[in-house]
1. Once you've got the GNM for the chain with C-alpha springs shorter than 10 Å, pick whichever of 84, 158, 204 has the biggest mean-square fluctuation.
2. Rounding to the nearest 10 and keeping the result within 0 to 90°, find how far the Cα-based axis of helix 204-233 lies from the longest principal axis of the chain.
3. Report P(r) for the chain: all Cα-Cα distances, bin width 10 Å, range 0 to the bin holding the largest distance, values in whole percent.
4. Taking the beta-carbon count within 10 Å as an exposure proxy, list 68, 57 from fewest neighbours to most.
5. Please express the shape of the stretch 11-123 as an equivalent ellipsoid: the semi-axes are the square roots of 5 times the eigenvalues of the C-alpha gyration tensor, given largest first in whole angstrom.
6. Could you give the Stokes-Einstein D for the stretch 105-179 in µm² per second, using the C-alpha Kirkwood radius, 20 °C, 1.002 mPa s?
7. Compute the helix-to-body angle for 143-155: its Cα long axis versus the longest principal axis of the chain, expressed 0 to 90° and rounded to tens.
8. Expressed as a whole number of Å, what is the distance separating the alpha-carbon centroids of the stretch 129-203 and the stretch 89-113?
């Protein structure tokens, strides 16, 4: 019973911190009051406040930086693997099924981004396309920049729901690169550039088609890799 009461208190305090973030219109990267200040504000013991902040950290609502403080997360409430993809053992099947889902949603996302992206976002998307090309040509890892490219396109839609679909996209990018063994270097450079250019022109149709082509190249390569491995297993 005591454990249940303690859990209830921590949950309640976590909800109060969320209310505090909303009421004070805190946004990404904003610093929260320190533990002592929160304890006073919430009328609770510091140990309970500490547990509440740990709970919020696991839910990706806040980021705790040792020696610095606690900050509002970049994507509050959106955890890295909300759909449990890391627990799916058949990564080849996962990659194939993820590309089908991305084909359903991501071309439309690119089209929305072309319509709504700010000039600052357009510029950064172009810079990321440049960085991806440079890294590919240098034979260096580019998954991190690829993830950022797709994440920024989602954020550029101006739609509050779309960025919360990002884990479906970002969890698949490194998986695709690994599975295709970066075989699509030239196609990746060309299609990333085509998507970026279409968004820069605010051409929704062209952005949709360029993103669709980008994903179709990936799907074809994934199918080729799966077929090759299936053939090898049968030898």
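1. 84
2. Helix 204-233 sits at roughly 80 degrees to that axis.
3. Cα pair-distance distribution for the chain, in percent: 7, 27, 27, 20, 14, 5, 0.
4. 68, 57
5. Calculated on Cα positions only, the semi-axes equal 35, 21, 11 Å.
6. Taking Rh from Cα pairs, D becomes 169 µm²/s.
7. Between helix and principal axis, roughly 70 degrees.
8. Each part's Cα centre sits 12 Å from the other's.
Where a number appears in this text, it was derived from the coordinates with a stated rule and is not lab data. Since we're looking at a predicted model, the values are computed, not measured. Virtual Cβ from ideal backbone geometry, glycine too; neighbours counted across all protein chains shown.
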